[in-house]
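See below for the structure under consideration.
The values are calculated or read from the model by the stated rules, or taken from the named source; none is laboratory data. Nothing here was measured: the structure is a model prediction, and the numbers come from that model. With ideal geometry, Cβ positions are generated from the backbone for all residues, glycine too; neighbour counts draw on all protein chains shown. Heavy atoms of the whole protein, side chains included, go into the accessibility calculation; ligands, DNA and RNA do not. Shrake-Rupley method; radii C 1.70, N 1.55, O 1.52, S 1.80 Å.
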Amino acid sequence: MVVGTGQITFRLFGVSSLKAKRKIVKSIIRRIDNTFNVSVAEVDLNDSHDWAKIGFAAVGNETARVNSKLDKIIGFADNLGLAMISDSEIEIIHF
């Protein structure tokens with residue numbers, strides 16, 4: 001079994017309230033979940049207006065397939081254009 005995890009840190013511009021931030025972050029999370037069917041959630045920087053961090057995880061039986069899916073998720077999030085990606089990382093764990 002192969003488990004892939006990832007995190008994306010976003011820089012949000014023009015956001016003046018946590019409510020506005022939450023709208024953007026929920027939209028990103030919903031679109032990733034609907035497109036890739038992975039577990040995804042906001043994992044850090046909850047009280048910041050300008051920054052957001054989401055985490056996601058996928059499980060599979062081939063390292064290449066899981067790695068490819070994680071890379072596609074990062075590319076997809078970047079192409080949404082809702083926020084700028086400032087950092088991303090992935091990790092592959094073999095069980």
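Scan 20, 83, 64 and give me the residue that is touching a Phe, Trp or Tyr at 6+ places or on another chain (Cβ under 6 Å), modelled with pLDDT under 95 and not β-branched (Val, Ile, Thr).
It is 83.
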Filter segment 29-60 down to the residues that are in contact with a Gly (Cβ under 9 Å, 6 or more places away or on another chain), within 17 Å of residue 86 (Cβ to Cβ) and open to solvent by 40 Å² or more (accessible area, probe 1.4 Å) and list them by number. 42, 43, 44
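State all residues of segment 1-28 that are of a type in the set (A, V, I, L, M, F, W, C), open to solvent by 30 Å² or more (accessible area, probe 1.4 Å) and within 24 Å of residue 91 (Cα to Cα); if no residue qualifies, say none.
1 - this is the single residue of segment 1-28 that is of a type in the set (A, V, I, L, M, F, W, C), open to solvent by 30 Å² or more (accessible area, probe 1.4 Å) and within 24 Å of residue 91 (Cα to Cα).
Residue-by-condition table, conditions (1) in contact with a His (Cβ under 9 Å, 6 or more places away or on another chain); (2) over 14 Å from residue 37 (Cα atoms); (3) buried (at least 16 other Cβ atoms within 10 Å of the Cβ):
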position: 63; (1), (2), (3): yes, yes, no
position: 78; (1), (2), (3): no, yes, no
position: 83; (1), (2), (3): no, yes, yes
position: 88; (1), (2), (3): no, yes, yes
position: 91; (1), (2), (3): no, yes, no
Any chance segment 19-34 includes a residue that's without any contact (Cβ under 8 Å) to a residue 12 or more places away in the chain, of a type in the set (S, T, N, Q) and part of a loop (DSSP other than H, G, I, E, B)? no
